[in-house]
Amino acid sequence: MPNELTRVSLKITQPRIDAYAQITGDPNPIHLDAAFAAGTEMQGIIAHGTLSLNLLWRALARTFGPDACEGAEMDVRFIRPVRVDDVVTASGHRDDAEPDRYLVQVTNQSGEAVITGWARPGN
Amino acid sequence: MLSELLTYDRIQIGTSLGAHETCIDAEALALWRSIYGDDVGGNQDIVPPDMISAIVMAAQLELTNPHPDGGLHAGQHYLLHHRPRVGDVLSTTSTPLSKEIRRDRRWVKMKTETRDQNDRLVYETTLTLIWAA
């Protein structure tokens, strides 16, 4: 197993958020309606958390090939919102304590973690 | 769709919310590629592995609909057993595992299972949610 997962990045745009809302059937205005979102505690539109989380699956697939996702396990926490025009990057490094898994994170363009957790590739 | 708003108080631990069926077709894959640029799936006949959360979230939203606006996802745990094929009919069930109020927040854990049309288990997840009301 390599020490690092292949990094995967994505710019979060409103059209991408809109398409993701369509796929998930999630009409939550916090993701779609700027006027509504401005009045919430988030003070603006935030992206679906899983829109960024999916980059971790892509990092696993790019590192080991998509077949290695069969049998894979992942555990994550959402710790910071992602906003329109943020650029998020998924990465991971071998966990010294449990070498068969990776400590993973998604960070924004400021280097702040938005998702943290661990992932174990499948067979 | 539920007949009443699924508030925190109405969530019943251990009682399934039912099943939601979906089918990933060419149209859904095209929309997926419009977001991520490609599908990292390798074999084009197999659903890309990174679609797991979207499939589960779509089912979870439908099975808990209507629910109070303003909820948050705090964490998720995934086990991906098999990658379904494009065109498979995927059935996802959701069952509340636990709920508790901590620091004025309503924490709910839900377990989902997704099976294909042959009853093969493809995904399992545990969702940690903060319920809005």
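The values are calculated or read from the model by the stated rules, or taken from the named source; none is laboratory data. Owing to the predicted nature of the structure, the values given are computational and were not obtained by experimental measurement. Cβ atoms come from the backbone with ideal geometry, glycine included; neighbour counts cover every protein chain shown.
Structural remarks
- The residue list A:Asp33, A:Asp75 contains one member that is within 22 Å of B:Ile55 (Cα to Cα), surrounded by fewer than 21 Cβ atoms within 10 Å (Cβ to Cβ) and within 12 Å of chain B (Cβ to nearest Cβ), which is A:Asp75.
- The single residue among A:Leu103, A:Leu5, A:Leu51 that is surrounded by 15 or more Cβ atoms within 10 Å (Cβ to Cβ) and either at the interface with chain B (Cβ under 9 Å from one of its Cβ atoms) or in contact with a Cys (Cβ under 8 Å, 6 or more places away or on another chain) (or both) turns out to be A:Leu51.
- The lone exception for B:Leu31 - which of (1) farther than 15 Å from A:Thr24 by Cβ; (2) out of contact with any Cys (no Cβ under 9 Å at 6 or more places or on another chain) it fails: (1)
- Test: A:Pro27 is part of a loop (DSSP other than H, G, I, E, B), loosely packed, with under 15 Cβ neighbours inside 10 Å and either away from chain B (no Cβ under 14 Å) or in contact with an Asp or Glu (Cβ under 8 Å, 6 or more places away or on another chain) (or both): no
- You will find that of A:Glu112, A:Glu41, A:Glu98, A:Glu70, the residue that is facing chain B (nearest Cβ under 10 Å), out of contact with any Ser or Thr (no Cβ under 9 Å at 6 or more places or on another chain), at negative phi and loosely packed, with under 15 Cβ neighbours inside 10 Å is A:Glu41 and no other.
- Number of the condition not met by A:Thr6 [criteria: (1) modelled with pLDDT under 95; (2) in contact with a helix residue (DSSP H, G or I) (Cβ under 6 Å, 6 or more places away or on another chain); (3) in a loop (DSSP other than H, G, I, E, B)]: (1)
- Restricting region A:30-58 to residues that are assigned to a loop (DSSP other than H, G, I, E, B) and hydrophobic (A, V, I, L, M, F, W, C), the residue that is nearest to A:Asn123 (Cα to Cα): A:Ala47
- Evaluation of B:Leu5 against the conditions (1) surrounded by 14 or more Cβ atoms within 10 Å (Cβ to Cβ); (2) at pLDDT 90 or above; (3) of a type in the set (A, V, I, L, M) shows that the sole unmet condition is (1).
- Region B:18-59 - residue that is of a type in the set (S, T, N, Q) and more than 19 Å from B:Gln76 (Cβ to Cβ) and, of those, farthest from the other protein chains (Cβ to nearest Cβ): B:Gln44
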